[in-house]
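The structure appears below as structure tokens.
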Amino acid sequence: MRRHPPLTSRRAALGVVLGVPLLAACDVDDLRPPEATPSDRTSADPTLAAPPSDPDDALVTQAVEQVELAAATVLATTGPARRAVRPLRRLHAEHLARLAPDRSPGSASPPPAGGAGGVRAAETRLQRELARLAGEVASGGLAATLASMAAAVGQRLAVLPPEVR
Amino acid sequence: MSDLQTALAAEHAAVYLLGVLGGRTSESREPALFAAITAAHAEHRDRRDDLVAALAASGRTPVGTEPAYAVPEGIETPAGVRAAALDLERRCTATYAAVVGGTSADDRTRAIALLQASALAELRFGGTPAVLPGLEA
């Protein structure tokens, strides 16, 4: 291992000059959100707003349904695990607010048949489905959001206490 | 544009920096931190190699390493090393989120997996779960 600070690469030095924190190999551009893709034009150009049939709409609806399904399982949790799943409830609410801002807060799905058990299984399924949908949507920005949501579920799963089944 | 080359560039940097952080960490005095950095270093090395293979298999020339990388300040203490490692993982997560948005098909699938792995790696260095890992400031 080197004991002396290594030379700074040209690209990394540019990061310092611009005040960009260093993960050195990444260009400044590397750390920016992706530029708008053709499918993102609707948000940038008001003349293209509200297309009659955005192919991503159906996939967003699927994402909402999947989050609602997992949320219903969490809401049905009882006993000592109820407190432990509160962060998941908040996470689902945050994600639903982003995916469906016009959705009524009280419009959650009923708990799935079979009872309240299986929070871990429900969240694992949600993570998988969000990742799948991220791979299918046309919009790059939406893909990043869905993939990030999947990663968030994964983080919460990793810190779930053992009393949560 | 963010694509798999961007992800590979980030992995080159991560492998280098985690090597430096490992060199600043005492295995005997900070065994948990040393183990975490060693594990992270191995994971990033594997990801780097996977990305190189994927890019080459698709006919693209993988980007190489920089001659050297700037090392963060404040890594003279275990707390500083841990903070630097967490910062590195967060930057990787943000990079992968951008790569997800800039890719499609198989490249996007790979970026999605990288994003999820990096978000988990943040927890190893004291990170806390986020609402939108990689997309939050």
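The values are calculated or read from the model by the stated rules, or taken from the named source; none is laboratory data. Source: prediction; values computed, not measured. All Cβ positions, even for glycine, are placed from backbone atoms using ideal geometry, and neighbour counts span all protein chains on display. Heads up: the accessible areas ignore ligands, DNA and RNA and are worked out on the full protein's heavy atoms, side chains in. Shrake-Rupley method; radii C 1.70, N 1.55, O 1.52, S 1.80 Å.
Just so you know, in region B:88-126 the residues that are among the acidic types (Asp, Glu) and either more than 15 Å from the chain's Cα centre (by Cα) or facing chain A (nearest Cβ under 7 Å) (or both) include one that is least open to solvent (accessible area, probe 1.4 Å), and it is B:ASP107. Considering (1) open to solvent by less than 10 Å² (accessible area, probe 1.4 Å); (2) over 13 Å from the mean Cα position of the chain (by Cα); (3) under 19 Å from A:GLY140 (Cβ atoms), the lone condition that B:LEU55 does not fulfil carries the number (3).
Any residue in region A:146-159 that is hydrophobic (A, V, I, L, M, F, W, C), within 18 Å of B:LEU123 (Cβ to Cβ), modelled with pLDDT of 95 or more and not in a helix (DSSP H, G or I)? Yes, that holds for at least one residue. Restricting attention to region B:66-86, does a residue exist that is within 7 Å of another protein chain (Cβ to nearest Cβ), buried (at least 24 other Cβ atoms within 10 Å of the Cβ), within 22 Å of A:VAL159 (Cα to Cα) and in contact with a helix residue (DSSP H, G or I) (Cβ under 6 Å, 6 or more places away or on another chain)? No; the residues of region B:66-86 include none that is within 7 Å of another protein chain (Cβ to nearest Cβ), buried (at least 24 other Cβ atoms within 10 Å of the Cβ), within 22 Å of A:VAL159 (Cα to Cα) and in contact with a helix residue (DSSP H, G or I) (Cβ under 6 Å, 6 or more places away or on another chain). For residues in region B:15-42 being open to solvent by 60 Å² or more (accessible area, probe 1.4 Å) and over 16 Å from the mean Cα position of the chain (by Cα), which is farthest from B:ASP87 (Cα to Cα)? Among those residues, the one meeting the criterion is B:SER28.
Of all the criteria given as (1) in contact with a helix residue (DSSP H, G or I) (Cβ under 7 Å, 6 or more places away or on another chain); (2) under 17 Å from B:LEU4 (Cβ atoms); (3) of a type outside the set (Ser, Thr, Tyr), the one not satisfied by B:GLU27 is (2).
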